[in-house]
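A.B. asks: Before I ask anything, here is the structure I am working with.
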Amino acid sequence: MPGGYGRFARQMGLAIEIPSLPVAGGVVGYYLDRYFQTAPVLLILFGIGGLGMAALNIVKIARELNSKPDVRS
């Protein structure tokens, strides 16, 4: 079963990475808001930035999956 564990690890990594990007952006924005006293401005901006990064990551993955032929042995 060549590549079986690598594919599983990639999928599990993506399952963790995609939802964590907006959360991480929100956390960074929250602490920057507290530091600069700008209430929810940076929280919203960084949260939206995290959502955008997650969307770009999904598009990148979809392109990779469409360009590679499914080879099973």
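Any read-out appearing in this document is the output of simple, stated calculations on the displayed coordinates, not a laboratory observation. Note that the coordinates shown come from a computational prediction; the quantities given were computed from them, not determined experimentally. Note: ideal-geometry Cβ built from the backbone for every residue, glycine included; neighbour counts use all protein chains shown.
A.B. asks: Relative to the longest principal axis of the chain, what angle (0 to 90°, nearest 10) does the C-alpha long axis of helix 41-67 take?
C.D. replies: Once rounded, the angle reads 10 degrees.
A.B. asks: Okay, next question. What per residue convex hull volume, in Å³, comes out for the chain when only alpha-carbon positions are used?
C.D. replies: Convex hull volume per residue, Cα atoms: 67 Å³.
A.B. asks: Please list, in order, the residues from the range 45-70 whose amide nitrogen is less than 18 Å from a point placed 7 Å along the Cα→Cβ vector of residue 18.
C.D. replies: Once the point is set 7 Å along Cα→Cβ of residue 18, 48-68 turn out to lie under 18 Å by backbone N, inside the range 45-70.
A.B. asks: Looking at the range 4-40, which trypsin sites (Lys or Arg not before Pro) are in a loop (DSSP not H, G, I, E or B) and have at most 11 other Cβ atoms within 10 Å?
C.D. replies: Here no trypsin sites (Lys or Arg not before Pro) fit, given the DSSP loop and packing criteria.
A.B. asks: Mind checking the angle between helix 4-36 and the chain's longest principal axis? C-alpha axes, 0 to 90 degrees, to the nearest 10.
C.D. replies: Rounded to the nearest ten degrees, it is 10.
A.B. asks: Sequence gap at least 6, Cα distance under 8 Å: using those rules, report the relative contact order of the range 19-67 to the nearest whole percent.
C.D. replies: In percent, rounded to a whole number, it is 41.
A.B. asks: Another one. Pick from 29, 52, 13: which residue has the top mean-square fluctuation in a GNM of the chain where Cα pairs under 10 Å get a spring?
C.D. replies: Largest GNM mean-square fluctuation: 13.
A.B. asks: With charges only on Cβ, +1 for K and R and -1 for D and E, what is the dipole size of the chain about its Cα centre, in debye, rounded to 20?
C.D. replies: The calculation lands at about 260 debye.
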